[in-house]
Each structure stands twice: as C-alpha cells, then as structure tokens.
Amino acid sequence: MKTLLTIACSLIIGLQSYAQAESQPGTWALIKSQNGVNIYAKEEICTVAPTNVQIKYKLLKFENTTANVKNVSFRYNLYYGSTTCATCQNPEYDQHFVLAPNQVREASCSNSDDALKVFIRYESERNYSPDLSQMDFGNLIIN
C-alpha cells in the first residue's frame, strides 16, 4: 500500500511539474501556419539599455518550411485594453519581408529586429498604459 501511495504521489507531482513547464513564458507556440510558413509567438520581458526599463513583448518567429522563397506581408492589428483596434488604420504597422528557403526569422530581446516585437506593456510601470489584449495579422499574404 505504501508503494502504491508513493507511486501515485510521484505521478501527481510529476504531472503538475510538467504542466507548469508547458505553460511557462518564453516557450515558442505555433499561432498560425499558411502556405509553408509557420508563425510562432512567445512572451518575454526585455530590459532595454541604457535606461534598464523592463518591457514585456510578444516576440514572433517566422519559419519557411519550404524549398521556395516566400514573400510575407501583413498589418499588425493590435488592441490595447479595448475592442477598438489601435493600429488597423495605420500603415506604419504594415510589414513586408522575404524568407529564403528554410529560413527562420525571429525576434529576441538581444537582437534589433523590432519588426517582430509587439509591445505588450511596460513591466516596471504596469499602470502606465493598458496591456495588449488582442493581436492578429491583418491582410496576411504569404506567397
């Protein structure tokens, strides 16, 4: 009986640890796949030098899984704390880039690829502005 109880407890603790690991920030998650291009996202807190301000971003990764060049274009549709899109009518949020065959292009805290970083909030000043509540890709074209 002791052995059975020990095994049951170990399984429960192990499953809880696994579930927590799966939901940790910083893990790439597939959010869209279209015409041989996979789009992943993850959330990270980045420290911006020289001010050391901490900003939470949604970082994006585009993976061309084909042997062909892919042209990617879209507009960030971003919603901050409301049902009104903050960027839908603004061409400044249009993105266009080319992915070589099997190329992966990804944002990180350490690179300067700001086109693939979406602002969520100032982590150090949470009351400064509303958080990103929704994001989608307007007019996503991959060919």
query: For region 36-102, what percent of Cα pairs sit more than 20 Å apart?
result: 50
message: Testing the spin-label approximation: label points 7 Å from Cα along Cα→Cβ at Ser82 and Val98. State their distance in nm.
response: 4.0
task: Between the alpha-carbon centers of region 95-133 and region 50-79, tell me the distance in whole angstrom.
output: 6
query: For region 25-142, what ratio Rg/Rh do Cα atoms give with a Kirkwood hydrodynamic radius?
result: 0.98
query: At a Förster radius of 22 Å, what calculated FRET efficiency corresponds to the Cβ-Cβ distance of Leu140 and Asn90, to the nearest 0.05?
result: 0.85
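Only the coordinates and a few stated rules stand behind these numbers; no lab work does. All of these numbers come straight from a predicted model, not from anything done at the bench. With ideal geometry, Cβ positions are generated from the backbone for all residues, glycine too; neighbour counts draw on all protein chains shown.
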